[in-house]
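Asks: I am attaching a structure below and will ask some questions about it afterwards.
The values are calculated or read from the model by the stated rules, or taken from the named source; none is laboratory data. If you're wondering where the values come from, they're calculated on a predicted model, not measured in any experiment. Cβ sites come from the backbone with ideal geometry, for glycine too, and all protein chains shown count toward neighbours. Calculation scope for accessible area: heavy atoms of the full protein, side chains included, ligands and nucleic acids excluded. Shrake-Rupley method; radii C 1.70, N 1.55, O 1.52, S 1.80 Å.
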Amino acid sequence: MSGGDMAKPLLGQGSMEGEGRTAPAAGRTVGVLGSGDFARALAIRLVCSGFKVVVGSRNPKRKVGLFPSAAEVTFQAEAVKKADVIFVAVFREHYSTLCDLADVLAGKILVDVSNNTEISHHKESNAEYLSSLFPASTVVKGFNVVSAWTLQSGARDGNKQVLICSNSPEAKRTVAEIAQVMGFTPVDMGCMSSACEIENIPLRLLPAWKIPIFLSLGLFLCFFTYNLIRQVIHPYIREQKNKLYKIPIEVVNTTLPCVAYVMLSLVYLPGVLAACSQLYHGTKYRRFPDWLDQWLQHRKQIGLLSFFCAALHAVYSFCLPMRRSHRYQLIETAVKQAMEKKMNVWVEEEVWRMEIYISVGIIALGLLSLLAITSLPSVSNSLNWREFSFVQSTLGFIALVISTLHTLTYGWSRAFDENQYKFYLPPTYTLTLLVPCTVILAKIIFALPCIHQRLLRIRRGWEKGRYVKFVLPSATGEYSSGETSSNV
């Protein structure tokens with residue numbers, strides 16, 4: 001690992017929110033208590049960032065080979081004496097073993113980097129517990145959301161943010177300086193009461209994805225059951241044909257595009273509902289209902305899941321001709337045609353339908369891929385707001401329109417065929433058209449000049465029923481004031 005590359009800060013000298021700061025003195029000594037994986041990664045990163053590191057261990061002779069040669073490995077008491085800032089890289093249950101160092105730790109800054117095994121496992125946070133054990137020391141919570149891998153490989157390969165909280169602004173500023181020199185972005189989370197929330201962050205598993213995932217699974221189960229009835233159960237009851245072989249590939253492949261299509265429309269439906277709310281109330285300052293607010297916040301995850309289902313649909317469709325059942329059906333069809341002496345089975349309408357259907361589907365998948373790529377932080381950060389809005393809003397709506405054409409081309413004239421209504425149930429694609437067509441129709445209505453201009457004025461701060469003052473010249477040349485409603 002290159003020390004020069006690791007030591008170079010990835011960000012320019014900045015400041016934590018609202019607080020100016022200067023770079024720490026060169027060669028500052030920093031202590032690390034602990035010899036686990038995180039302590040070793042932390043020591044490596046500190047050394048490569050230009051700090052003098054002293055590691056405190058209960059068995060320094062056994063642990064010295066685990067740390068870089070530039071780091072001094074000694075007993076805990078000796079390490080504490082040589083540093084003013086000490087990273088406590090031990091588990092909560094081992095905090096009591098440090099009580100013998102209470103006198104030496106007095107006046108020191110202790111950085112608690114620990115996490116729990118469960119969310120809110122204890123009544124008080126680890127940092128608050130450490131502070132109660134060492135009241136003469138200043139405790140700062142930080143670096144617990146950074147993994148050991150990120151510390152070793154550099155902030156470029158992981159999250160750059162380091163969440164920091166403490167009751168001492170000076171201590172927070174000192175730890176923030178160290179974090180910035182290490183290449184991370186310090187974020188001030190306030191006083192020590194925020195430590196519990198910071199410690200819960202690494203334990204949460206995809207908190208922003210739960211609702212979208214359950215939504216996609218619910219839609220998948222609904223459409224899968226619907227297709228199962230039409231494609232498997234109906235032939236078995238009406239014609240005594242066993243179509244169970246269709247379940248793993250064909251039924252799933254019929255379900256995936258339905259989920260992808262509806263999920264894509266659900267990305268833009270809350271925007272339509274929000275616009276309707278603003279037009280109805282005549283203001284942008286009225287708070288949306290909680291369910292709509294949550295829906296708007298989950299649009300990114302819903303869109304990515306839509307792309308995931310569309311990509312799976314493309315893979316499944318590519319594999320359809322590879323199935324053994326498909327080959328048997330081709331041979332059976334060829335034998336029937338030969339027995340009936342059909343020399344020309346070319347159907348011009350069907351050929352054009354499939355050519356257009358596949359072509360439009362490829363374009364729709366390409367646009368969805370572009371939407372998914374630009375949602376990545378590394379890509380979106382390189383776009384300005386207008387570029388990002390154009391891709392996610394304009395191109396996203398175009399993707400919805402093309403997906404609608406893809407669905408309509410697939411249906412063609414099948415919606416008017418009585419044989420397509422199994423158990424009097426309409427084809428699946430007709431059900432999927434309801435929400436997307438509603439969104440497209442609403443978008444067209446909002447594009448009308450009279451409605452578009454009113455909505456634009458509302459989003460620029462205009463409010464219905466608000467009175468504004470005006471000044472008019474009188475007949476004598478003097479000016480008089482009055483009031484009028486802004487919706488006149």
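Asks: Going by the conditions given, is LEU433 under 29 Å from the mean Cα position of the chain (by Cα) and surrounded by 11 or more Cβ atoms within 10 Å (Cβ to Cβ)?
Replies: yes
Asks: OK, next. From the residues in the stretch 245-257 that are surrounded by fewer than 19 Cβ atoms within 10 Å (Cβ to Cβ) and touching a residue at least 40 places away in the same chain (Cβ under 8 Å), which one is farthest from the chain's Cα centre (by Cα)?
Replies: Result: TYR245.
Asks: Here's a follow-up. Can you name every residue in the stretch 24-81 that is in a helix (DSSP H, G or I), open to solvent by 10 Å² or more (accessible area, probe 1.4 Å) and closer than 21 Å to GLU177 by Cβ?
Replies: Within the stretch 24-81, PHE38, ILE44, VAL47, CYS48 meet the criteria.
Asks: I've got another one for you. For the stretch 277-307, which positions are of a type in the set (A, V, I, L, M, F, W, C) and free of Cβ contacts under 8 Å to residues at least 24 places away in the same chain?
Replies: Correct list: PHE288, TRP291, LEU292.
Asks: So, one more: Going through the stretch 447-460 one residue at a time, which ones are open to solvent by 30 Å² or more (accessible area, probe 1.4 Å) and either part of a helix (DSSP H, G or I) or at positive phi (or both)?
Replies: PRO449, CYS450, ILE451, HIS452, GLN453, ARG454, LEU456, ARG457, ARG459
Asks: Would you please name the residue that is nearest to ARG414 (Cα to Cα), looking only at residues in the stretch 366-382 that are hydrophobic (A, V, I, L, M, F, W, C) and open to solvent by 50 Å² or more (accessible area, probe 1.4 Å)?
Replies: LEU370
Asks: Sticking with this one: In contact (Cβ under 8 Å) with a residue 40 or more places away in the chain, closer than 24 Å to TYR410 by Cα and surrounded by fewer than 17 Cβ atoms within 10 Å (Cβ to Cβ): is that true of SER317 in this structure?
Replies: When the stated conditions are applied, SER317 passes them.
Asks: So, one more: Select from the stretch 216-244 the residues that are open to solvent by less than 60 Å² (accessible area, probe 1.4 Å) and among the aliphatic types (A, V, I, L, M) and write down the one among them that is nearest to THR117 (Cα to Cα).
Replies: Checking each candidate, the answer is LEU219.
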